[in-house]
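Enquirer: Once you've had a glance at the structure underneath, I'll fire off some questions.
The values are calculated or read from the model by the stated rules, or taken from the named source; none is laboratory data. Keep in mind that what you see is a predicted model, and the values were worked out from it rather than measured. In this analysis, Cβ positions are derived from the backbone assuming ideal geometry, glycine residues included, and neighbour counts consider all displayed protein chains. Side chains included, ligands, DNA and RNA excluded: accessible areas come from the protein's heavy atoms. Shrake-Rupley method; radii C 1.70, N 1.55, O 1.52, S 1.80 Å.
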Amino acid sequence: MNSRDRILQRLRSSADAPRPDPLQTPCDWPLPERSEWLALFRQNLSDNHAEVIECDDNNWPELVASVLAEKGVSVLRSGNHAEGRLLVDSVSAMLDAACITGEQSKETLFHQIDAGFSVATAGLAETGSLVIVTGANEPRTLSLVPPLNIVLLRASAMVANFSQLVAQGRMPSPMPTNVLLISGPSKTADIQQTLAYGAHGPKQLVVILVMDI
Amino acid sequence: MSTQTREQMQQQLDQEQHDFSDMQSRHFSVRARMALENEALRKSFRGASDFLMNKRRSVFSDDNALQSLRDRGEAIRQYSLSKLPQLLETLEKNLTANGIQVHWAETATEACEIIHGILADNNARTVVKGKSMVTEEIELNHYLEEKGIECLESDMGEYLVQLAGETPSHIIMPAIHKNTAQIARLMHGRAQSSSGEPVPYTEDVDELIGNARAILREKFEKADAGISGVNMAVANTGTLCLVENEGNGRMTTTVPDLHIAVTGIEKVVEDFSHVPELLTLLTRSATGQKISTYFNMISAPRKAGELDGPQQVHLVLVDNGRSKIFSHPTLKPTLQCIRCGACMNHCPVYARIGGHAYGSTYPGPIGQVVTPQIGGLEKHGDMVSACSLNGACGEACPVRIPLPALIRELRHEANRIPTRDDSAVSGQGVKRSASEALIWRGWALAHSSPWLFRTMMWLLTRSRPLFRTALVTRLLSPWTDSRTTPLPQTKTLHELARAHGVASELKSHNETGAQR
């Protein structure tokens, strides 16, 4: 018998009777009201040191362009989605390099990209979280390695919280390689409980909230 | 600016590291005393405990909602444990289908061997680590270093602790025992950029973090492999979930070509619907955050067409005593733990002696419960006495582990006449002493015999002057060394009651009843 079988055998020999479905246990944790979702989402993100910029379906690329100019970004990479292509088209004239990301070396990734652009598939109001489903068209490292991460979210994709997202069957199925909840720029309080931003990941997070409702 | 030169700082750091190893080699009671006498250390822990307790309180403002969420958390953990063998098999099946290779380790050594084997197969020489308590538990860094593999901690706190040559003193905030000035000296004295340059001296936290960031980013970029822990593993989808703020966990699991995740077998849940509430309990209880900056859900290695992510992902399931804990009739709830650290933040003993005094990977109340069960009461039996049974940990625990009851049970295990049960904790009965057993027999006898009790109380009250003599002080010295000598009253409670006109206990009870 190998380790696996011995471990499982020991567990089976002392397993209890199965317990009832835990989700039947009443839970009075309050869900935020729909009318409060947007305000709560914004508040949570700004409490966590992220910027939230409201815009509409027509003017968001312009607003992103002004963010890029203000922050002195010269090299931008985006995932390969409609929003990314639109953004690249509208800002490529003003930047040194803006393009849809392809195969790139770690060297390039770590040293030559100022900002990454990602699109969130949902937002969680209770915690101010962005749900990012990564994959071939949404690389994992773009929201991690460049010092600035810009994430677009449509207000219509907001839900109350993570529990509701899961309960409504809105987690991708089957699960892709990597799904992320991002709720602010990277941070640490490991030195005497003093908060510092830009621990290992982005120092700044800008959320482009498209008001499509 | 510091008045010390870099050489002086290095000498001081060497001395501090030496003191640390020296302290760790001492007996628990000596370590505790040394910690109590260290004012800077006590200040660090007091400050951190108050900070974390206040933060937690601020995100659980509605007590009814909190209690209800704790009920749910407890139910989810108990449900998951009740199906543990099936869930582990489902997890293995789904992970394997997703392309993640699953390994099982019965012991710490076997886990280290498996991890080393995977690294060796891939010719991996440099490893970056995300925060993982189970790899501390199995002493992986030490094992890999002996095999010539560089293993660098990348969580800021863990990095600092590794740089100092110490171990974490808290499971969530590993460098909680150091203040900013100490960290400033540590970074200037020991940290180096890749070109071998020392980092400039600074006490500015942003600059300190910036310096560590620059050093570690280079390591992430170049590392052959990343090793991480797991906060929850979801059986139905074959997903590994990681909770973190810094981004080092994502770096570790995304940038190197090889990712090895390591977890205790108890961390599995059945379905994604069980994840959100455990996540919110975890981050709110641990650091008072509604959610951590990142919640990273990994279900596969890099797929065709994807531009990043590791080519290989492995999961090492570590037993190391957990299946034995699982078989114990009363200690089983130990495995409900989600490793938030709230019990240590709320523990008045931990706040005073700090994490290192326990001399174990897991300090504080959960450490007092886990450690003797994994490492045996022979070695770790003393730490279960470091508890006043005040109950704060049990009230803070987000999944309602009855920690005080478990600590009491372990004291009983340590003091009982050994049974030969399979589930008996290793080292059962090791603290049993004939004199203590005799004293308790006497205590039980006195309390079950009214005339004996009254005689004893009468004698005690009348021997009051004796309590001021050197002989009695010496006899009571284990108690009175750090406390004033207790003095019996001049009369027993029964005598006082009679003097107040209470004829008997029965009558007084009736009178109180009549007054209502």
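Enquirer: Is at least one residue of segment B:332-347 within 18 Å of B:A286 (Cα to Cα) and in contact with a Lys or Arg (Cβ under 6 Å, 6 or more places away or on another chain)? Working first, answer last.
Expert: First pass over segment B:332-347, keeping only residues within 18 Å of B:A286 (Cα to Cα): B:334-347.
Keeping just the survivors that are in contact with a Lys or Arg (Cβ under 6 Å, 6 or more places away or on another chain) gives B:336.
Scanning segment B:332-347 turns up at least one residue that is within 18 Å of B:A286 (Cα to Cα) and in contact with a Lys or Arg (Cβ under 6 Å, 6 or more places away or on another chain).
Enquirer: Somewhere in segment B:487-494, is a residue open to solvent by 50 Å² or more (accessible area, probe 1.4 Å) and either modelled with pLDDT under 85 or under 37 Å from the mean Cα position of the chain (by Cα) (or both)?
Expert: Initially, segment B:487-494 is screened for residues open to solvent by 50 Å² or more (accessible area, probe 1.4 Å), giving B:487, B:489-491, B:493-494.
Subset that is either modelled with pLDDT under 85 or under 37 Å from the mean Cα position of the chain (by Cα) (or both): none.
Checking segment B:487-494: not a single residue is open to solvent by 50 Å² or more (accessible area, probe 1.4 Å) and either modelled with pLDDT under 85 or under 37 Å from the mean Cα position of the chain (by Cα) (or both).
Enquirer: Here is a follow-up. Just to check your reading of the model, which residue among B:T263, B:T239 is open to solvent by less than 10 Å² (accessible area, probe 1.4 Å) and away from chain A (no Cβ under 12 Å)?
Expert: Details: B:T239 fails: away from chain A (no Cβ under 12 Å).
Unique residue meeting the criteria: B:T263.
Enquirer: Moving to a separate point now. Hey, A:C99 hits all of (1) under 26 Å from A:L40 (Cβ atoms); (2) in a strand (DSSP E or B); (3) more than 8 Å from chain B (Cβ to nearest Cβ) but one; which does it fall short on?
Expert: (1)
Enquirer: Go through the residues of segment A:85-97 one by one and say whether even a single one is of a type in the set (S, T, Y) and either surrounded by 18 or more Cβ atoms within 10 Å (Cβ to Cβ) or within 18 Å of A:L144 (Cβ to Cβ) (or both).
Expert: No - not one qualifying residue is present in segment A:85-97.
Enquirer: Return the only residue of B:N231, B:N211 being open to solvent by 10 Å² or more (accessible area, probe 1.4 Å), within 13 Å of another protein chain (Cβ to nearest Cβ), in contact with a Leu (Cβ under 9 Å, 6 or more places away or on another chain) and not small (G, A, S). Before the answer, list the steps.
Expert: Working: B:N211 fails: in contact with a Leu (Cβ under 9 Å, 6 or more places away or on another chain).
None of the other options fit; the residue is B:N231.
Enquirer: Go through segment B:292-319 and count every residue that is open to solvent by less than 10 Å² (accessible area, probe 1.4 Å), facing chain A (nearest Cβ under 8 Å) and in a loop (DSSP other than H, G, I, E, B).
Expert: Number satisfying all stated conditions: 6.
Enquirer: Looking at segment B:28-35, can you tell me whether even one residue there is touching a residue at least 24 places away in the same chain (Cβ under 8 Å) and either open to solvent by 80 Å² or more (accessible area, probe 1.4 Å) or of a type in the set (D, E) (or both)?
Expert: Start the filter on segment B:28-35 by keeping residues that are touching a residue at least 24 places away in the same chain (Cβ under 8 Å), which leaves B:28-29, B:31-32, B:34-35.
Within this subset, residues satisfying the condition of being either open to solvent by 80 Å² or more (accessible area, probe 1.4 Å) or of a type in the set (D, E) (or both) are none.
No: segment B:28-35 contains no residue that is touching a residue at least 24 places away in the same chain (Cβ under 8 Å) and either open to solvent by 80 Å² or more (accessible area, probe 1.4 Å) or of a type in the set (D, E) (or both).
Enquirer: Then there's this: List the helices (runs of 4 or more DSSP H) that sit entirely inside segment B:26-92 and contain at least 2 residues that are over 25 Å from A:P32 (Cα atoms), at pLDDT below 95 and away from chain A (no Cβ under 12 Å).
Expert: B:28-37, B:39-59
Enquirer: Take the residues of segment A:133-150 that are surrounded by 24 or more Cβ atoms within 10 Å (Cβ to Cβ) and aliphatic (A, V, I, L, M): which is farthest from the other protein chains (Cβ to nearest Cβ)?
Expert: Looking at the filtered set, the residue picked out is A:I150.
Enquirer: Could you look through segment A:102-117, keep only residues that are open to solvent by 20 Å² or more (accessible area, probe 1.4 Å) and away from every other protein chain (no Cβ under 11 Å), and pick out the one that is nearest to A:V73 (Cα to Cα)? Show your work before the answer.
Expert: Residues of segment A:102-117 that are open to solvent by 20 Å² or more (accessible area, probe 1.4 Å), as a first pass: A:102-108, A:110-112, A:114.
Checking the rest, the ones that are also away from every other protein chain (no Cβ under 11 Å) come to A:112, A:114.
Working: A:Q112: 11, A:D114: 6 Å.
Here the residue is A:D114.
Enquirer: In segment A:61-84, which residues are open to solvent by 20 Å² or more (accessible area, probe 1.4 Å) and not in a strand (DSSP E or B)?
Expert: At the first step, the residues of segment A:61-84 found to be open to solvent by 20 Å² or more (accessible area, probe 1.4 Å) are A:62-63, A:66, A:69-72, A:74-75, A:77, A:80-83.
Those that are open to solvent by 20 Å² or more (accessible area, probe 1.4 Å) and not in a strand (DSSP E or B): A:E62, A:L63, A:S66, A:A69, A:E70, A:K71, A:G72, A:S74, A:N80, A:H81, A:A82, A:E83.
Enquirer: Please enumerate the residues belonging to segment B:226-267 that are in contact with a Lys or Arg (Cβ under 9 Å, 6 or more places away or on another chain) and aliphatic (A, V, I, L, M).
Expert: Passing the criteria: B:I227, B:V230, B:M232, B:A233, B:A235, B:L242, B:M251, B:V255, B:I265.
Enquirer: Is there any pair with a first residue in segment A:194-213 that is touching a residue at least 60 places away in the same chain (Cβ under 8 Å) and a second that is open to solvent by 60 Å² or more (accessible area, probe 1.4 Å) and in a loop (DSSP other than H, G, I, E, B) whose Cβ atoms are under 8 Å apart and which are 6 or more apart or on different chains, and what are they?
Expert: A:Y197/A:H49; A:Y197/A:K203; A:L205/A:H49; A:V210/A:D56; A:V210/A:D57; A:M211/A:D56; A:D212/A:D56; A:D212/A:D57
Enquirer: Would segment B:77-99 turn up any residue that is open to solvent by 50 Å² or more (accessible area, probe 1.4 Å), within 24 Å of the chain's Cα centre (by Cα) and within 23 Å of B:H328 (Cβ to Cβ)? Don't jump to the end; show me each part of the working.
Expert: Residues of segment B:77-99 open to solvent by 50 Å² or more (accessible area, probe 1.4 Å): B:86, B:89, B:93, B:96-98.
Then keep just the ones that are within 24 Å of the chain's Cα centre (by Cα); that gives none.
Checking segment B:77-99: not a single residue is open to solvent by 50 Å² or more (accessible area, probe 1.4 Å), within 24 Å of the chain's Cα centre (by Cα) and within 23 Å of B:H328 (Cβ to Cβ).
Enquirer: Sticking with this structure for a sec: Between a first residue in segment B:367-378 that is within 16 Å of B:S423 (Cβ to Cβ) and a second residue that is among the basic types (K, R) and open to solvent by 10 Å² or more (accessible area, probe 1.4 Å), which pairs have beta carbons less than 9 Å apart while being 6 or more apart in sequence or on different chains?
Expert: Every condition considered, the pairs that remain are B:P372/B:K379; B:Q373/B:K324; B:I374/B:K324; B:L377/B:K431.
Enquirer: Count, please, the residues in segment B:113-164 that happen to be open to solvent by less than 30 Å² (accessible area, probe 1.4 Å) and part of a loop (DSSP other than H, G, I, E, B).
Expert: Going through segment B:113-164 one residue at a time, the tally reaches 7.
Enquirer: Here are the criteria: (1) open to solvent by less than 10 Å² (accessible area, probe 1.4 Å); (2) touching a helix residue (DSSP H, G or I) at 6+ places or on another chain (Cβ under 7 Å). Tell me which single one A:T177 does not satisfy.
Expert: Among (1) open to solvent by less than 10 Å² (accessible area, probe 1.4 Å); (2) touching a helix residue (DSSP H, G or I) at 6+ places or on another chain (Cβ under 7 Å), the lone unmet condition for A:T177 is (2).
Results for (1) over 23 Å from A:R42 (Cβ atoms); (2) touching a residue at least 24 places away in the same chain (Cβ under 8 Å), shown as yes or no for each residue.
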| position | (1), (2) |
| --- | --- |
| A:M94 | yes, yes |
| A:E103 | yes, no |
| A:N137 | yes, yes |
| A:A160 | no, yes |
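Enquirer: Report yes if some residue within segment B:211-219 is over 26 Å from the mean Cα position of the chain (by Cα) and more than 18 Å from A:A196 (Cα to Cα); otherwise report no.
Expert: yes
Enquirer: Would you please name the residue that is nearest to the other protein chains (Cβ to nearest Cβ), looking only at residues in segment B:100-110 that are open to solvent by 10 Å² or more (accessible area, probe 1.4 Å) and assigned to a loop (DSSP other than H, G, I, E, B)? Reasoning before the result, please.
Expert: At the first step, the residues of segment B:100-110 found to be open to solvent by 10 Å² or more (accessible area, probe 1.4 Å) are B:101-104, B:106-110.
Going one step further and asking which of them are assigned to a loop (DSSP other than H, G, I, E, B), we end up with B:106-107.
On the way: B:E106: 4, B:T107: 8 Å.
Top of the filtered list is B:E106.
Enquirer: Report yes if A:Q192 is facing chain B (nearest Cβ under 7 Å), out of contact with any Leu (no Cβ under 8 Å at 6 or more places or on another chain), open to solvent by 20 Å² or more (accessible area, probe 1.4 Å) and polar (S, T, N, Q), otherwise no. Let's see the steps before the verdict.
Expert: Values: facing chain B (nearest Cβ under 7 Å): yes; out of contact with any Leu (no Cβ under 8 Å at 6 or more places or on another chain): yes; open to solvent by 20 Å² or more (accessible area, probe 1.4 Å): yes; polar (S, T, N, Q): yes.
In short, yes.
Enquirer: Scanning segment B:339-359 for residues that are open to solvent by 20 Å² or more (accessible area, probe 1.4 Å) and in a loop (DSSP other than H, G, I, E, B), which turns out nearest to B:L389 (Cα to Cα)?
Expert: Top of the filtered list is B:H346.
Enquirer: For segment B:165-185, which residues satisfy the criterion of being in a loop (DSSP other than H, G, I, E, B) and basic (K, R)? Explain how you work it out, then say what you get.
Expert: Going through segment B:165-185, the residues in a loop (DSSP other than H, G, I, E, B) turn out to be B:165-179.
Across segment B:165-185, the qualifying residue is only B:K178.
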